[in-house]
Amino acid sequence: MSSLLSLVREDLRTFAGYSSARRAGVTGSVWLNANESSWRNPADGGLGANRYPDPQPAALRQRLGDVYGVRPEQVLVGRGSDEAIDLLVRALCEPGRDAVVVSPPVFGMYAVSARLQGAPLVEVPLVDDDTGFRSDLGAIGDAALASGAKLVFLCSPANPTGQAIAAEAILALARRLDGRCLVVVDEAYGEYCDQPSMASWIDPQPNLAVLRTLSKAHALAAARIGCLLAAPELIAVLRNCQAPYPLPSPCVQLALAGLSEPALVQTRGRVITVRAERERLLHELLGHPGVRRVYPSQGNYLLVRFHDAEAAFQQLLAAGVVVRDMRASPQLGDALRISIGSPAENDALIQALASGRAAA
Ligand SMILES: *Cc1c(COP(=O)(O)O)cnc(C)c1O
C-alpha cells in the first residue's frame, strides 16, 4: 500500500461504494437497468434529464483539468468544494481519533465537517503582525505531528484575512508531513492571487491536494461545482465515498459553457477589474476616519477593522449595503469583511461609509 492510501481510514481502503447504474461500465442501445422513464419530461427541453447523469462527466473533468493544469484522473468534481472538504474529512478521519488542523480565523467549513465527523479539531491561530495575518507553518506541522492529524487545511488566499502562503513554505510542510498527513490547499480565490496554483506539485508531492471552485471568480456559485485536485489513487477512494449521482446535468452543462474559451476571456477580464477595484477600495478605506486597519488581500474581499464596527455595519445596512460581520471570529472583534463588487457597487459602499458620522 502506498503511503498516501495509508492516510485513508482503514475500513474504507477497499470500500467499493454504491454500485450505481451509471458505473457498471456496460454499453448498449436499450437502457432498462435503472428504472428510469423512457420518455422525457414535457419540460425537458432537450436535456435528456430522464436518464441519471454521469457521476463524473469525462468532458467536465477534462476541461477542469485543462483549466487547472492537471490530468483528468487527478480531478474529483463535486457539489462545490464544500463537498470535497466533507469527503476528505469523512474518508481520512476516524471519528474520535484522527484530527484536522486549521488556522483560525478561517473559512468555517473545515471545522463544520470535522465536527460532523466527530474528528478532533486542532487550532493553530493565524499570527497578526505588521505585515498582516500569516500562517505559522512550523507550529502547524508541530501540531499535526503531535496530534496525529490526518488533514491540514491551508486557505491560500485565506478567507477572510486575505494573505497567500508561499509555495516553498507549503511544500516544506507537505514534505515534513509526508506519509502522516494530507496537506490541503484551498484555492477558492486562486484566480485573484499573484501566486501560481499549487496544483503542479501534486505529482511530485502526493500528500498535497488542492481545492478549486467555480463559485467565486467563475461566477457560478448557484451551479455548485467545485473540485479536489489530488493523486489519482486518492480521487478513486473519494469517488467511492461520494453520492451516486452528485452532479445535476443542467449544472454540468452550465459549467462546461462557463469554462469555454470565450467565457474564460470574460472571466479573466473581470478578475482584472476586481483586482483594480480591490486597490481602489483599499485606499479609499485607509482614508476613512472610522477605519483602524485594512489588511492587504489576494482575494476578492478586504478585511477591515473599525473603531466602531457595529456603527459601521449598521450604517452600511441602513444604506442597503450588506457586508460580512466577522466580529464573532477569534481576533476579529472589530472587523467586517467587504466583498469587492462592481465599480458601481463599490462606489455605493464608499458613499454609504462617507455619508454617516457614526463610524467616524
Ligand atoms: C467560498 C469558498 C469556498 C467555495 O465553496 P463552494 O462549495 O465551492 O461554493 C471554498 N473555500 C473557501 C475558503 C471559500 O471562501
Determine whether D142 is surrounded by fewer than 24 Cβ atoms within 10 Å (Cβ to Cβ), away from the ligand (no atom under 16 Å from the Cβ), among the acidic types (D, E) and touching a residue at least 12 places away in the same chain (Cβ under 8 Å). no
Being over 20 Å from the mean Cα position of the chain (by Cα) and either farther than 15 Å from Y192 by Cα or open to solvent by 60 Å² or more (accessible area, probe 1.4 Å) (or both) is the filter here; which residues of segment 249-272 pass it? S249, P250, Q253, A257, S260, E261, P262, A263, V265, Q266, I272
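When segment 51-63 is examined, which residues are found to be open to solvent by less than 30 Å² (accessible area, probe 1.4 Å) and either over 29 Å from R115 (Cβ atoms) or without any contact (Cβ under 8 Å) to a residue 24 or more places away in the chain (or both)?
So the first thing to find is which residues in segment 51-63 are open to solvent by less than 30 Å² (accessible area, probe 1.4 Å), and the list is 53, 55-57, 60.
P53, P57, L60 - these are the residues of segment 51-63 that are open to solvent by less than 30 Å² (accessible area, probe 1.4 Å) and either over 29 Å from R115 (Cβ atoms) or without any contact (Cβ under 8 Å) to a residue 24 or more places away in the chain (or both).
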May I ask you to list the residues in segment 222-235 that are in contact (Cβ under 8 Å) with a residue 24 or more places away in the chain and open to solvent by 20 Å² or more (accessible area, probe 1.4 Å)? R224, P232, E233
Among the residues of segment 209-248, the number that are under 15 Å from the mean Cα position of the chain (by Cα), of a type outside the set (S, T, N, Q) and on the phi < 0 side of the Ramachandran plot is 18
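Within segment 218-249, which residues are of a type outside the set (S, T, N, Q), part of a helix (DSSP H, G or I) and under 24 Å from V183 (Cβ atoms)?
Step one: of segment 218-249, the residues of a type outside the set (S, T, N, Q) are 218-239, 241, 243-248.
Right, trim to part of a helix (DSSP H, G or I) and you get 221-223, 232-239, 241.
Answer for segment 218-249, where residues must be of a type outside the set (S, T, N, Q), part of a helix (DSSP H, G or I) and under 24 Å from V183 (Cβ atoms): P232, E233, L234, I235, A236, V237, L238, R239, C241.
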Which residue out of D136, D186, D130 is closer than 23 Å to S329 by Cβ and modelled with pLDDT under 95? D130
Residue count, segment 65-100, condition under 28 Å from A149 (Cβ atoms) and in a helix (DSSP H, G or I), comes to 16
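Just give me the residues in segment 193-217 being part of a loop (DSSP other than H, G, I, E, B), among the polar types (S, T, N, Q) and open to solvent by 10 Å² or more (accessible area, probe 1.4 Å), in sequence order. Before you say what the answer is, go through the steps one by one.
Step one: list which residues in segment 193-217 are part of a loop (DSSP other than H, G, I, E, B), which gives 193-198, 202-207, 214-217.
With the extra rule that they be among the polar types (S, T, N, Q), the set shrinks to 195, 197, 205, 207, 215.
Residues satisfying the conditions are Q195, S197, Q205, S215.
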How many residues does segment 75-102 contain that are in contact (Cβ under 8 Å) with a residue 40 or more places away in the chain, of a type in the set (D, E) and within 12 Å of the ligand (Cβ to nearest atom)? 2
Scan of segment 275-311 for residues that are open to solvent by 20 Å² or more (accessible area, probe 1.4 Å) and within 16 Å of the ligand (Cβ to nearest atom), ordered by number: Q298, N300
Working only within segment 160-180, note down all residues that are within 16 Å of the ligand (Cβ to nearest atom), open to solvent by less than 10 Å² (accessible area, probe 1.4 Å) and outside any helix (DSSP H, G or I). P160, T161, G162
Kindly list the number of the only condition in (1) open to solvent by 70 Å² or more (accessible area, probe 1.4 Å); (2) out of contact with any strand residue (DSSP E or B) (no Cβ under 8 Å at 6 or more places or on another chain); (3) modelled with pLDDT of 95 or more that fails for E123. (2)
Subset of segment 7-47 [at pLDDT below 95 and open to solvent by less than 40 Å² (accessible area, probe 1.4 Å)]: L12, G17, S20, A21, A34
Tell me the residue from S3, S19 that is more than 28 Å from A221 (Cβ to Cβ) and in contact (Cβ under 8 Å) with a residue 12 or more places away in the chain, please. S3
Determine which single condition G190 fails, assuming it passes every other condition in (1) more than 14 Å from the ligand (Cβ to nearest atom); (2) surrounded by 24 or more Cβ atoms within 10 Å (Cβ to Cβ). (1)
Here the qualifying pairs (Cβ atoms under 9 Å; residues six or more apart or on different chains; first in segment 103-124 and without any contact (Cβ under 8 Å) to a residue 12 or more places away in the chain; second more than 12 Å from the ligand (Cβ to nearest atom) and among the β-branched types (V, I, T)) come out as A111/V100
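The values are calculated or read from the model by the stated rules, or taken from the named source; none is laboratory data. All values reported here derive from a predicted model rather than from experimental measurement. Positions of Cβ are backbone-derived with ideal geometry, glycine not excepted, and every protein chain shown enters the neighbour counts. Only protein heavy atoms, including side chains, enter the accessible area calculation; ligands, DNA and RNA are left aside. Shrake-Rupley method; radii C 1.70, N 1.55, O 1.52, S 1.80 Å.
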